[in-house]
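Engineer: I have a structure I would like to understand better, so I am pasting it below and will then ask my questions one at a time.
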Amino acid sequence: ADLHVLSYTQQCTLVEKLRATMNEFSTDDAATLLLVSGRPQQVALNQLSSQKVDLPPLHEKELRVACDHAFQSHIGTTECVASTINGGGKSHHILRHTAACQARGDPVLYARIPLRESSSPTTLVELLSQARTRTAAGSGSGFALHIHMDISHIIPASANTMLFELLLVGLLRDPSSCRMYHRAKADVFRLEIPNSPGNKTARALRFCSLLPTTILDVTADVLDLTRPVFTDAPLCTQIALPEYSELKFVCRWVRGFNAGKLQYGGPNYNAEWDAWTDSEITPAECFEVLSKMCCEPNGPSPRPSWSNFRSFVMFMNRQFSFVGEYPLLNPMLLEALGEGQMFRHVFVNLMLETGRDFSLRSVPQCDGVGPPVSAAHPSLIVATSLGAAAAEAGDGLSTAAADDDMPPPPGPNPLVRQSSKTLTEEHQAAEALAPPVLVQQTSAEMAERYQKMATWESSDHPVVIFKQDPRGGGGVD
């Protein structure tokens, strides 16, 4: 492969050696020798034109079928995870898969490997080797790795080559030290595809467009009332899925507040109402409550996002926990004082506004940061095209449902001898539709987004927070 890398002199020497060997031993009992060049007009190709075979590239659909068959039959589970929006649950999806396998008793361990602008074969081989050594030391041999490839917005120019060698070839080599990392078939690789304006990073990851892909959306149907947590820090290889009690607690509080349980004199006022003993809340109710609190049509976050929900929940969980401990928020005491019965309702309302102001994003969401999802199912494993051809087709990404009983890839077309020195029309068309070279987020784009961020002094900020006195007691600010 990569015949074009050889110099002119080396290619001439190669041809002379081949001809001398063929004249001396003939080719009757010889094995097939395939020389592959990534560029035309190479001296070795021209001198061996009688044996030249033009191989136009396979169509993208055929490549996806071939890759899927290779992963299932020979290499091991490999999956890309994308989402329609930032904070769409990609990391949660990957962690949850590993946690579910560990809950079944499967001998698997989690490892996170970052892929950054500064990443190289040297750094990736080192990180992967360290992950295998660390897990082997902690749990012994016989454990498979579930590797979470966390890809950043800005990636190195060699990203596609490194991923191809690691995931499909199964071997990544460090050219500086000749160290190698061999991928085990039992290992699972899941790649987290970042959301970037214009899908620039996804389009640059051309190799990932051939991999099985899960596209996640933020809907009530997929809201998870469990959350993955590491149980063996600092190794972070074992994951559990406890109940997301903080989310349910906060949503019960907001539901009770919206229903008027704290509004003195209202039809639904209940002085004995308590979020801990309130009726069970469903995932659909939680999603509706959080969407109303965190999403405003004219605000910086008009669309729901799991990361926004989580920020709000974690902030308000602590605030609501202190409400029952603060004496002046006790409804019985307020009624006994005879005045200020509305204080609790007004105070909690101000707490909610404080929580929204503190925990929600300031930089506005932007469109075109992720692929669309089929309307038939919000979280569907699909064979996707993250290439420019799909983007130019109108929606940024084409999707087609993957078949669980995927047939083996079709056999190659009969080889046809061709002495032409030019590329075929199919090859030229494929090159024209290929994604552009790797691109980075430009500083102008980032500056434009941050210029739309509301400054602190340009808006009002309600502030109600509980403070604890280290000498005992506490109060509010």
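Engineer: How much FRET efficiency would the formula 1/(1 + (r/R0)^6) give for residue 229 and residue 106, where r is the Cβ-Cβ distance and R0 is 22 Å, rounded to 0.05? Intermediate results must be reported in sequence, preceding the final value.
Structural biologist: Values: r = 18 Å, r/R0 = 0.84.
Computed FRET efficiency for residue 229 and residue 106 comes out at 0.75.
Engineer: Heavy-atom accessible area per residue, segment 11-158, 1.4 Å probe: how many Å²? Before the final figure, lay out the partial values.
Structural biologist: Values: 7800 Å² over 148 residues.
Per residue, segment 11-158 has 53 Å² of solvent-accessible surface.
Engineer: Greater than 31 Å separation of Cα atoms is the criterion. Which listed pairs, 90/261; 200/248; 61/90; 17/185; 90/248; 61/185, meet it?
Structural biologist: 90/261; 200/248; 17/185
Engineer: Please give the peptides 75-83, 14-22 ranked by average Cβ packing (other Cβ atoms within 10 Å per residue), highest first, as a rough proxy for protection. Could the numbers behind the result be given before it?
Structural biologist: Working: 75-83: 21.8, 14-22: 13.0.
Highest-to-lowest ranking by the protection proxy: 75-83, 14-22.
Engineer: Kindly report, to the nearest 10 Å², the accessible surface of residue 274 as traced by a 1.4 Å probe over protein heavy atoms only.
Structural biologist: Accessible area of residue 274: about 60 Å².
Engineer: Which one, 275, 238, 259, is farthest towards the positive end of the dipole of segment 215-329 when Lys and Arg carry +1 and Asp and Glu -1 on their Cβ?
Structural biologist: Value: 259.
Engineer: What's the Cα-based Rg to Rh of segment 108-177, Rh via Kirkwood? Numbers along the way, then the final one.
Structural biologist: Working: Rg = 12.5 Å, Rh = 12.8 Å.
With Rh from the inverse mean 1/r over Cα pairs, Rg/Rh is 0.98.
Engineer: Continuing with this model, one more query. In Å², and per residue, what accessible area does segment 236-296 have when probed at 1.4 Å with the other protein chains present? Could the numbers behind the result be given before it?
Structural biologist: Values: 2880 Å² over 61 residues.
Computed with neighbouring chains in place, this is 47 Å² per residue.
Engineer: Using +1 on the beta carbon of Lys and Arg, -1 on that of Asp and Glu, and nothing else charged, what's the dipole of segment 175-321 about the Cα centre, debye to 20? Write down the numbers at each step before the final one.
Structural biologist: On the way: 16 positive and 15 negative charges, 183 e Å.
With only Lys, Arg, Asp and Glu charged at Cβ, the dipole is about 880 debye.
Engineer: Relative contact order, percent, of segment 71-190 when contacts are C-alpha pairs under 8 Å separated by at least 6 residues? Before the final figure, lay out the partial values.
Structural biologist: Working: 162 pairs, mean separation 43.4, N = 120.
This gives 36 percent for segment 71-190.
Engineer: Work out the charge dipole of segment 97-175 with +1 on the Cβ of Lys and Arg and -1 on the Cβ of Asp and Glu about the Cα centre, then indicate which of 121, 158, 148 is farthest towards its positive end.
Structural biologist: Sorting the options by dipole projection puts first 148.
Engineer: In segment 1-94, carbon and sulfur make up what percent of the accessible area (probe 1.4 Å)? Spell out each step's value before the answer.
Structural biologist: Numbers: 3140 of 5860 Å².
In segment 1-94, the share of accessible area belonging to carbon and sulfur is 54 percent.
Engineer: Among DSSP beta bridges whose residues both lie in segment 103-258, state the antiparallel percentage, nearest 5. Each step should come with its number before you reach the end.
Structural biologist: Details: 6 of 19 bridges.
Here the share of antiparallel DSSP bridges comes out near 30 percent.
Engineer: Roughly how far apart, in whole Å, are the Cα centres of segment 56-133 and segment 282-349?
Structural biologist: Measuring centre to centre over Cα atoms gives 38 Å.
The values are calculated or read from the model by the stated rules, or taken from the named source; none is laboratory data. Note that this is a predicted model, so its numbers are computed, not measured. Glycine also receives a Cβ, built like all others from the backbone with ideal geometry; neighbour counts cover every protein chain displayed. Heads up: the accessible areas ignore ligands, DNA and RNA and are worked out on the full protein's heavy atoms, side chains in. Shrake-Rupley method; radii C 1.70, N 1.55, O 1.52, S 1.80 Å.
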